[in-house]
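Participant: Below are the structure tokens for one structure; questions will follow.
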Protein chains: 2
Amino acid sequence: MSGRLCIAGLGPGADDLITPEVQRALSEATDVVGYASYVARISPRDGLTLHASDNRVEMERARHALTLAAAGQRVVIVSSGDPGVFAMASAVFEALEAGPPDWRSLDIRVLPGVTAMLAAAARTGAPLGHDFCVLNLSDNLKPWSLIERRLRLAVEADFAMAFYNPRSQARPDGFTRVLTLLKDLCTESRPVIFARAVSTEDEALLIVSLGEAKPEMADMRTLVIVGSSLTRLIERDGRPLVYTPRSASE
Amino acid sequence: MSGRLCIAGLGPGADDLITPEVQRALSEATDVVGYASYVARISPRDGLTLHASDNRVEMERARHALTLAAAGQRVVIVSSGDPGVFAMASAVFEALEAGPPDWRSLDIRVLPGVTAMLAAAARTGAPLGHDFCVLNLSDNLKPWSLIERRLRLAVEADFAMAFYNPRSQARPDGFTRVLTLLKDLCTESRPVIFARAVSTEDEALLIVSLGEAKPEMADMRTLVIVGSSLTRLIERDGRPLVYTPRSASE
């Protein structure tokens, strides 16, 4: 079994945010597997087969990639951002664990990338400069009650919060509930960042107070950051800078 | 004022984990400012001045970089990992906010990078594949009581946890208290990852159960990840894979 599977992160969108490590894996691949929007970022070439699949089929995609690698192919499965943060790496390991024992001897590597929250934070200042938490707001794979409990505890811990998958056409209401809950628990002035498609031509940034935040400000391409109680704005011409100081007291 | 300040992340250590965006900023810089260990990673060239400083002088370093940029230089201030995660970006914005008003009109950009927890997670599987939190365990800038309170709430939320700066020669005891607290709150079998200097020639990885974890397993170059209650091992020849499944119930 000489095949190989790389689970690679393409970063938030711009080519100059893809690591050379990932570029090399792509240049050596015989097969690239992934959600169609991400596979579309890969340039076709002789000797490379592109396998684009739909959004909701992570487990099938993971098994397909493992099967190709087990057959001796050099496979790269692509995610946007970092593959380990709400992306394909966990799905691949779930498939690996449930699959044939010989899959465990495959050469499997995870190649990290710049995940969306780091790109969003960088574009707006340093909102994640102190302790923070990272939540997937989709309730496809966990109950709403767990999301709500984690939000309450995160506010109690005074974490800044990064939210992935805040809102989609199939789940228009969850994020409304998130904002209602946060408005109930936090002061209105807390900064909220809506960072859509950072580093792509569709990039859109919005910095508002929690009191001004509306569900429609997010869609499935938006990364949301809610500051901690200490997160501050620096006003200047144009967009303010948002940062969380390094120091905190009880 | 035609100067520019880029606050750039060099990634965890390997050159092939530095983004092309950061490499370009470095190639255009007149001045690189940073902690000596990170500045040592930058190749000298004509027209580039390297300003290496000591570990504990973040604010002086930030003011120095801003002063150089205000004088018209093209300055890159370097951090390892991502500059926005327990690195130089927040320090720069603290200095900016407290400094002369004309600093606010400077061209300042944060260039994201692969932060240590993503590199450590990638090397070991996908331990951060579900909701997680990120804590700086240094009590230099916050009281120990706050760290302890956040740990308790993080366990209650069942977050996986990534710990930066777990232990140093100046702070040998804090991490002992962290492990004691976690052993009190969590089952012994929970996976703990000690990932030292990932992607450098000094890389060392250790995967143990919480019951086996010892303070001496971490030093100032170690990133520690503690799994959630759902984090699992996949046994295979050599090191096991560690991952947190995407699904959770209450």
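The values are calculated or read from the model by the stated rules, or taken from the named source; none is laboratory data. Since the structure is predicted, the reported quantities are computational estimates derived from the model, not experimental observations. We place every Cβ from the backbone using ideal geometry, glycine too, and count neighbours over all the protein chains shown. All accessible areas refer to the heavy atoms of the entire protein, side chains included, with ligands and DNA or RNA removed. Shrake-Rupley method; radii C 1.70, N 1.55, O 1.52, S 1.80 Å.
Participant: By the 4.7 Å beta carbon criterion, which cysteine residues of chain A come out unpaired?
Facilitator: Isolated Cys, chain A: A:CYS6, A:CYS186.
Participant: List the lysines whose Cα sits under 26 Å from the Cα of A:LYS142, skipping any in the same chain fewer than 8 residues away.
Facilitator: Leaving aside lysines fewer than 8 places away in the same chain, those within reach of A:LYS142 are A:LYS183, A:LYS214.
Participant: Sort segment B:152-227 into rounded, prolate or oblate with this rule: let a ≥ b ≥ c be the square roots of the eigenvalues of the Cα gyration tensor; rounded if a/c is under 1.5, and if a/c is not under 1.5, prolate when a/b is larger than b/c, oblate otherwise.
Facilitator: Prolate, because a/c is 1.5 or more and a/b exceeds b/c.
Participant: Right, something else. Quick check on the protein assembly as shown: helices-only [θ] at 222 nm, where DSSP H runs of length 4 and up contribute -39,500 (n - 2.57) each and the sum goes over total residues. Nearest 500, please.
Facilitator: Roughly -8500 deg cm²/dmol at 222 nm, from the helical runs in the protein assembly as shown.
Participant: Among DSSP beta bridges whose residues both lie in segment B:117-243, state the antiparallel percentage, nearest 5.
Facilitator: Counting DSSP beta bridges with both partners in segment B:117-243, the antiparallel share is about 70 percent.
Participant: Segment A:1-53: Rg/Rh from Cα coordinates, Kirkwood Rh?
Facilitator: Across segment A:1-53, the Cα-based Rg/Rh ratio is 0.94.
Participant: While we're here: Test of understanding: express the Cα radius of gyration of segment B:99-216 as a ratio to 2.2 N^0.38 Å, with N the residue count.
Facilitator: Relative to the rule-of-thumb radius for its length, segment B:99-216 sits at 1.24.
Participant: Placing a label point 7 Å from Cα toward Cβ, how far apart in nm is A:ARG45 from its equivalents in the other copies, listed shortest first to one decimal?
Facilitator: The projected label point of A:ARG45 is separated from its counterparts by 2.4 nm.
Participant: If you don't mind, another one. Amide H of B:TYR164: which non-local residues (sequence gap of 5 or more, or other chain) have their own amide H closer than 5 Å, using H built in the peptide plane?
Facilitator: Close amide H contacts, sequence-distant or interchain: B:LEU135, B:ASN136, B:LEU137.
Participant: So how strong a dipole does the protein assembly as shown carry about its Cα centre when Lys and Arg Cβ are +1 and Asp and Glu Cβ are -1, to the nearest 20 debye?
Facilitator: 240
Participant: Let me ask you something else. So how far apart, in nm, are the two label points at A:ASP54 and A:GLU97 if each is 7 Å from Cα heading toward Cβ?
Facilitator: That separation, rounded to one decimal, is 2.6 nm.
Participant: Put a point 7 Å out from Cα along the line to Cβ at B:ASP173; what are the distances to that point in the other copies, in nm, shortest first?
Facilitator: The answer, with the shortest distance listed first, is 5.3 nm.
Participant: Taking the alpha-carbon centroid of each part, what is the distance from segment A:165-192 to segment A:24-47 in angstrom?
Facilitator: About 36 Å separates the Cα centre of segment A:165-192 from the one of segment A:24-47.
Participant: Can you compute the charge dipole magnitude of chain A about its Cα centre, using +1 on each Lys and Arg Cβ and -1 on each Asp and Glu Cβ, nothing else charged? Give it in debye, rounded to the nearest 20.
Facilitator: With only Lys, Arg, Asp and Glu charged at Cβ, the dipole is about 120 debye.
Participant: OK, next. Report, to two decimal places, the Cα Rg of the protein assembly as shown normalised by 2.2 N^0.38 Å (N = number of residues).
Facilitator: Compared with the compact-globule rule of thumb, the protein assembly as shown sits at 0.92.
Participant: Another one. Which percent of the Cα-Cα distances in segment B:4-114 go past 23 Å?
Facilitator: For segment B:4-114, the fraction of Cα-Cα distances above 23 Å is 17 percent.
Participant: Given R₀ = 51 Å, what would the calculated FRET efficiency be for B:ASP184 paired with B:SER2, taking r from the Cβ atoms and rounding to 0.05?
Facilitator: Efficiency at R0 = 51 Å is approximately 0.35.
Participant: What ratio of Cα Rg to 2.2 N^0.38 Å holds for chain B?
Facilitator: Ratio of Cα Rg to 2.2 N^0.38 Å: 1.09.
Participant: First select every other residue whose beta carbon is under 14 angstrom from the beta carbon of A:TYR164; then total the charges, Lys and Arg +1, Asp and Glu -1.
Facilitator: So the environment of A:TYR164 carries a net charge of +3.
Participant: Name the residues whose placed amide hydrogens come within less than 5 Å of the amide hydrogen of B:ARG4, ignoring near sequence neighbours (fewer than 5 apart) on the same chain.
Facilitator: The answer is B:GLN73, B:ARG74, B:VAL75.
Participant: Okay, next question. Could you check the spin-label model distance between B:GLU212 and A:ARG45? Points 7 Å from the Cα along Cα→Cβ, value in nm.
Facilitator: The two pseudo-label positions are separated by 4.2 nm.
Participant: Once amide H atoms are built 1.01 Å from N in the peptide plane, which residues 5 or more positions from B:VAL33, or in another chain, come under 5 Å H to H?
Facilitator: Under 5 Å from the amide H of B:VAL33 lie the amide H atoms of B:HIS51, B:VAL76, B:ILE77, B:VAL78, each far enough along the sequence or on another chain.
Participant: Something else now. Just to confirm, what accessible area per residue do you get for chain A at 1.4 Å probe, in whole Å²?
Facilitator: In whole numbers, chain A has 38 Å² accessible per residue.
Participant: I would also like to ask the following. With labels modelled as points extended 7 Å from the Cα through the Cβ direction, what inter-label distance (nm, one decimal) is found for A:ASP16 paired with B:ASP202?
Facilitator: Between A:ASP16 and B:ASP202, the simple spin-label model gives 3.1 nm.
Participant: While we're on this one: In nm to one decimal, list the spacings between the B:ARG104 label point and its equivalents in the other copies, with label points set 7 Å along Cα to Cβ, shortest first.
Facilitator: Those separations, rounded to one decimal, come out as 6.0 nm.
Participant: Another one. Taking the full set of protein chains and a 1.4 angstrom probe, give the accessible area of B:GLU58 in square angstrom, rounded to the nearest 10.
Facilitator: Looks like 60 Å² after rounding.
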